[in-house]
Each structure stands twice: as structure tokens, then as C-alpha cells.
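Structure first, then comments.
The values are calculated or read from the model by the stated rules, or taken from the named source; none is laboratory data. The model shown is predicted, which means the values in this text are computed figures rather than measured ones. We place every Cβ from the backbone using ideal geometry, glycine too, and count neighbours over all the protein chains shown.
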Amino acid sequence: MRVHTAVVPAAGMGTRFLPATKAVPKELLPILDQPALQLIIDEAVGAGVDHIVIVTSHTKPAIEAYFAPAPDVIAKLRSSGREAMADRLQSIGRDVQVSFAYQDEARGLGHAVGCAREAVGDEPFAVLLPDEIMGSSALLDQLARLCESTGGSVVGLKRVPHDQVGSYGVIDPVGEADERGVIAIKDMVEKPSPADAPSNLIIIGRYVLTPDVFDEIAKVAPGAGGEIQLTDALRAQATRSPFHGVVSDVTRYDTGNPFGWLTAVIEIALADPSMGAPLTDWLGQLMRWNSVG
Ligand code: UTP
């Protein structure tokens, strides 16, 4: 069955980005002129998704406000002839069905995904972490097709230097990846020490999961800080059902911390048709001033 729902967990506290995230949700921080969340929705729609479930918190009302109608500003834009921007604003939340689920206490990623159970129903669904921005919809599309053909959950993977595995979920593979990057997974471990890591393949923030994962999430015991880890629920699936990953070299930006966000914004601006050239000039000048100074 084609994957048509995507869950976007957005109820976290964004502590690595404080104090900015005290008032502005991390998911709405701008990437040039649009919130990160919009890029995530565009990626999902590009992979065939037509229903987005945002897991949010009542302490983050700005997320829902982003999708609310804005008749005054649209009328103002139209009266001054700015039709393209008026159309763009009007399409937010209309070109795809957006619904909300609530997680009022940040009890971990597994718990956040579990909060979307009712909205998702009994079918495979995608999960996109909104603080990881991808250059295209290609990986999500590949994951959705692989879930359809294998009938099991699938995750996006990236190969990293061995000493960097300790901040991520790391998979224990069966054999090697095939020519499409597809690899079977028998187990996984969250944030291992490099010496104990079963591979150097980390799980990145794109998943397509079969709905039995909700029963597994409900069984997961809270770990450190009371958090319910998604990896624990995925491990349970991997031990009894087909479970695969796709090793990808898709462009990926980690915008969950200030440095990652800044480098993402610069790279994306350098590739932007209207900003690339002036930004390159400005950066060149800055470098020259710095080397003179
Ligand atoms: P992160 O761990 O990157 O986000 O979770 P965070 O907890 O908000 O950030 P820090 O670590 O404190 O800086 C990845 C995504 O999962 C969501 C977050 O909103 C983020 O988009 N999340 C995380 C939830 O929705 N609920 C949670 O309990 C935890």
C-alpha cells in the first residue's frame, strides 16, 4: 500500500537552541525565507505523502498559527499587486491535509510518534525529524517503495567515521548493502561507544514504519530521563519482521543546533539563484578583510 501519511514530531523543547527556542519553536526557525517545517512538508509531499500529522505541544502555539488562514495579510498583498506571495501564503496547509496530535510532556521520540497513533490509523507511515533537512525527496521516496515491497519497516542510513557513532542510533546489519544501498538489519543500538558499535551506519531522521510499531512503543520501558526511545520499538520489530535500511549519500543538514543551522542556511543560500552570487561576493570580501586584519 502506498504510504500517504507522514508524522513530524515537533513537541521537543529545543534546548540546544535556547534562548531562541524559548519563544520560537525550533521547527519554525527560518531557512532563508521559510520555516524549516515547510521544507520538511515539501519533502514529504514530493515523496507522495498527502497527509501530515504534526505532533506538537500546547506550549508551542506558533506551530498551529503557521497553518492558520491569514486573510488580512493576503488581502494586503493582493491590493499591492504581490499576487505570487499571496498565492504562496494561501497554499500553506491547503495543498496537503495537515492535522495535529499533542504530546504535552517531552517524553522522547518514541512517545511522540506514539501520540500520532489515532491520526495515522492502521497503515504504514513515514516519520520525518524536522531538525534534519534533506536536499530532496529521493530518500523518503525510496524508503516508501522499499516498505511497500518488503512489507516491513525501513530507515534511512548514513555511513560515518567510526569515532562519530556515539551520538546516534547504530544498526547491526546482515551482510552488505546491495547496489541500491539496501541492507537488511537484525538489530540496532542507541548511542553506543565506538568500541561496542556493531557498524558505522547511523540511522538518520527518515523512517517508513509499519503500524505494529505502535504496539511496540506502548511496551517500551522509559529509559534515562523518562524518555521512551523510538530505537527500542524498532529493535523489537527488527528481531521478528523484515527490517531494512537504505544507505544514502543524500545531502543532509542537521539544523537542531546553532552551528548546524548556520552552515545549512549558508549552503542553501549559496545554491539559491537570487542569493548565491551576491553571497559569494560578500563571503569573498569578508575573507579578504579577515586575512588583511
Ligand atoms: P531532538 O532531540 O532533536 O529535539 O528530537 P529536542 O528534544 O527538541 O531538542 P534538544 O535536544 O532539546 O535541543 C528530534 C525531533 O523530535 C521532536 C523534536 O521536536 C524534534 O523535532 N521530539 C523530541 C518530540 O516531538 N518529542 C520529544 O519528546 C522529543
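Just one of (1) in a loop (DSSP other than H, G, I, E, B); (2) within 12 Å of the ligand (Cβ to nearest atom); (3) modelled with pLDDT of 95 or more trips up residue 112, so point out which.
(1)
Take residue 249 and decide whether it is part of a loop (DSSP other than H, G, I, E, B), more than 29 Å from residue 24 (Cα to Cα), away from the ligand (no atom under 16 Å from the Cβ) and not hydroxyl-bearing (Ser, Thr, Tyr).
Spelling it out, residue 249 is indeed part of a loop (DSSP other than H, G, I, E, B), more than 29 Å from residue 24 (Cα to Cα), away from the ligand (no atom under 16 Å from the Cβ) and not hydroxyl-bearing (Ser, Thr, Tyr).
Kindly indicate whether residue 61 is under 26 Å from residue 5 (Cβ atoms) and loosely packed, with under 14 Cβ neighbours inside 10 Å.
Against the criterion (under 26 Å from residue 5 (Cβ atoms) and loosely packed, with under 14 Cβ neighbours inside 10 Å), residue 61 qualifies.
Among the residues of the range 56-63, are any under 18 Å from the mean Cα position of the chain (by Cα), under 30 Å from residue 248 (Cα atoms) and not hydrophobic (A, V, I, L, M, F, W, C)?
Yes, the range 56-63 contains at least one residue that is under 18 Å from the mean Cα position of the chain (by Cα), under 30 Å from residue 248 (Cα atoms) and not hydrophobic (A, V, I, L, M, F, W, C).
Would you be able to tell me the number of residues in the range 39-50 that are crowded, with 18+ Cβ neighbours inside 10 Å and either away from the ligand (no atom under 16 Å from the Cβ) or of a type in the set (S, T, N, Q) (or both)?
2
Hey, can you tell me all the residues within the range 5-29 that are within 16 Å of residue 104 (Cα to Cα), of a type in the set (A, V, I, L, M, F, W, C) and within 15 Å of the chain's Cα centre (by Cα)?
8, 10, 11
Which of the residues belonging to the range 11-21 are near the ligand (Cβ under 10 Å from one of its atoms) and either free of Cβ contacts under 8 Å to residues at least 12 places away in the same chain or in a helix (DSSP H, G or I) (or both)?
Of everything in the range 11-21, those that are near the ligand (Cβ under 10 Å from one of its atoms) and either free of Cβ contacts under 8 Å to residues at least 12 places away in the same chain or in a helix (DSSP H, G or I) (or both) turn out to be 15, 16, 17, 18, 21.
Conditions first: (1) out of contact with any Phe, Trp or Tyr (no Cβ under 6 Å at 6 or more places or on another chain); (2) over 20 Å from residue 43 (Cα atoms); (3) among the aliphatic types (A, V, I, L, M); (4) crowded, with 17+ Cβ neighbours inside 10 Å. Residue 128 passes all but one, so which condition is the exception?
The number of the failed condition is (2).
Count, please, the residues in the range 189-213 that happen to be of a type in the set (D, E, K, R), within 16 Å of the ligand (Cβ to nearest atom) and not in a loop (DSSP other than H, G, I, E, B).
Qualifying residue count, the range 189-213: 2.
Filter the range 251-273 for residues that are among the charged types (D, E, K, R) and within 17 Å of the chain's Cα centre (by Cα); which is farthest from residue 14 (Cα to Cα)?
It comes out as 252.
Restricted to the range 76-109, and to residues that are within 16 Å of the ligand (Cβ to nearest atom) and not hydrophobic (A, V, I, L, M, F, W, C), which residue is farthest from residue 169 (Cα to Cα)?
Looking at residues that are within 16 Å of the ligand (Cβ to nearest atom) and not hydrophobic (A, V, I, L, M, F, W, C), I get 99.
Hey, among 8, 55, 24, 73, which residue is modelled with pLDDT of 95 or more, within 13 Å of the ligand (Cβ to nearest atom) and either exposed (fewer than 14 other Cβ atoms within 10 Å of the Cβ) or farther than 29 Å from residue 270 by Cα (or both)?
Just a single option satisfies the conditions, and that option is 55.
Find all pairs meeting these conditions: Cβ atoms under 8 angstrom apart; at least six residues apart or on different chains; first residue within the range 101-112 and under 17 Å from residue 221 (Cβ atoms); second residue at pLDDT 95 or above and near the ligand (Cβ under 6 Å from one of its atoms).
109/9; 109/129; 111/103; 112/9; 112/11; 112/12; 112/55; 112/103
Tell me, please, whether a residue that is in a helix (DSSP H, G or I), over 23 Å from residue 58 (Cβ atoms) and among the hydrophobic types (A, V, I, L, M, F, W, C) can be found in the range 152-169.
yes
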